[in-house]
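The values are calculated or read from the model by the stated rules, or taken from the named source; none is laboratory data. Computed from a predicted model, the values in this text were never measured in an experiment. When we count neighbours, we look across all protein chains shown, and the Cβ atoms used for this are built from the backbone with ideal geometry, even at glycine.
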Ligand code: FEO
């Protein structure tokens, strides 16, 4: 049965949530599922703004059929050709053979690459328009937010921005599809950050370029492809994006990440966090990188100003999960953090050297002294060293 909602004059939400999904992109934990938004504009012409993932396509087709109410589907704007929004294209073309697909040159090319279909296409470039009747869409390129073919679309008659992946979040929605219908800052901000950091975080420069373009538009509503729609307090999400896109930390505190085989490196992390607390540092957060899924760690690294990496030496390398985490941070272009380093090893310690090398390939990482080397477990010497490191860390978050 259909489940749709009018969100703006002539604009209907026809999306769906998938609460069974365990891993978005088969990579990122989604314990609360995932939502997929798309929108139907009913004007002189009908226009679908993006498609949906296969997993929820039956719901989507029920929604679309109801919202169209017997009308033909004239256009589909493909803002983003990732299959979580596009796997329904082959069936859409079967159901609506006169459908014209609107997208960037790259998007149209990708339709052929994914589905071996030569679609009846309208290729659009920066500031090209599509008039549907009262509503005219103006397209803006947004390459790498999150793929190279991405465009966003602005309907000036209503001030509605269709923002593609930008401003999304992980998590299924529960009827309250507008951000002002939930306690967004309390319940959703963390998942929006985790989504941004992991999905788009590598492309801060490109995200910033998109934000600059938006400044010239009178945006009154933001309709993203995932999670909540924004019709009030748009600055809440826009300001966060300005922060994340420039790798500016939100929290003036310390996140301590440890990779520990038998608990002794974890012990050092706990001792350090207690010393930080005694120095007056609030909101310190300790993570076991073997326990917490890496997308949450990446998100925390985007959030905190100062980071500590404490790793056991393992196969003469950084402990595996810590290595994965640090590599992920490098791949996501994280920059501009204060960093404390702790290594542990019972013989041939090498984690510090390896971590220092890896962090040295990232921009503006301020490696603090002293770096702590633990031989098997914390002793009185390293305990004193942890005290000195805590003082250096505390200075960075004053
Ligand atoms: Fe929601 Fe980049 O796909």
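Structure notes:
- Among strands (runs of 3 or more DSSP E) entirely within segment 1-96, having at least 3 residues that are farther than 13 Å from residue 225 by Cα singles out 5-8.
- Residue check for residue 213: within 14 Å of the ligand (Cβ to nearest atom), in a helix (DSSP H, G or I) and surrounded by fewer than 22 Cβ atoms within 10 Å (Cβ to Cβ): no
- Among the residues here, residue 220 does not qualify as in contact (Cβ under 8 Å) with a residue 12 or more places away in the chain and within 30 Å of residue 363 (Cα to Cα).
- Of the residues 283, 320, 379, the single one that is within 18 Å of residue 254 (Cβ to Cβ) and surrounded by fewer than 23 Cβ atoms within 10 Å (Cβ to Cβ) is 283.
- One residue stands out in segment 83-96 among those that are surrounded by fewer than 21 Cβ atoms within 10 Å (Cβ to Cβ) and under 23 Å from the mean Cα position of the chain (by Cα): the one that is nearest to the ligand (Cβ to nearest atom), namely 83.
- No other residue among 358, 368 is at pLDDT 95 or above, surrounded by fewer than 23 Cβ atoms within 10 Å (Cβ to Cβ) and under 19 Å from residue 286 (Cβ atoms) apart from 368.
- When the test is whether a residue is under 23 Å from residue 125 (Cα atoms) and either at pLDDT 95 or above or within 14 Å of the ligand (Cβ to nearest atom) (or both), residue 30 does not pass it.
- Among the residues making up segment 97-106, a single one is within 16 Å of the ligand (Cβ to nearest atom) and part of a helix (DSSP H, G or I): 106.
- Segment 221-241, residues that are away from the ligand (no atom under 16 Å from the Cβ) and outside any helix (DSSP H, G or I): 221, 230, 231, 232, 233
Table: residues versus (1) assigned to a loop (DSSP other than H, G, I, E, B); (2) within 23 Å of residue 328 (Cα to Cα); (3) at pLDDT 95 or above.
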| position | (1), (2), (3) |
| --- | --- |
| 173 | yes, no, yes |
| 180 | no, no, yes |
| 185 | no, no, yes |
| 219 | yes, no, yes |
| 243 | no, yes, yes |
| 266 | no, yes, yes |
| 274 | no, no, yes |
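- Taking (1) within 17 Å of residue 231 (Cα to Cα); (2) in contact with a strand residue (DSSP E or B) (Cβ under 9 Å, 6 or more places away or on another chain); (3) away from the ligand (no atom under 16 Å from the Cβ) in turn, residue 127 satisfies each apart from (1).
- Pair list, Cβ under 8 Å, 6 or more apart: segment 132-156 residue over 16 Å from residue 200 (Cβ atoms), other residue within 11 Å of the ligand (Cβ to nearest atom) and at pLDDT 95 or above: 153/79
- Scanning segment 58-76 for any residue that is at negative phi, buried (at least 20 other Cβ atoms within 10 Å of the Cβ), in contact (Cβ under 8 Å) with a residue 40 or more places away in the chain and within 12 Å of the ligand (Cβ to nearest atom) turns up nothing.
- Segment 107-136, residues that are in a loop (DSSP other than H, G, I, E, B) and crowded, with 18+ Cβ neighbours inside 10 Å: 119, 124, 132, 135
- For segment 280-306, a residue qualifies if it is out of contact with any strand residue (DSSP E or B) (no Cβ under 8 Å at 6 or more places or on another chain) and either within 23 Å of residue 240 (Cα to Cα) or outside any loop (DSSP other than H, G, I, E, B) (or both), and the qualifying residues are 294, 298, 299, 302.
- The residues on offer are 200, 145, and the sole one that is out of contact with any strand residue (DSSP E or B) (no Cβ under 6 Å at 6 or more places or on another chain), part of a loop (DSSP other than H, G, I, E, B) and within 16 Å of the ligand (Cβ to nearest atom) is 145.
- Condition check for residue 307: touching a residue at least 60 places away in the same chain (Cβ under 8 Å) and within 25 Å of residue 345 (Cβ to Cβ): no
- Residue in segment 149-163 that is under 16 Å from the mean Cα position of the chain (by Cα) and within 14 Å of the ligand (Cβ to nearest atom) present: yes
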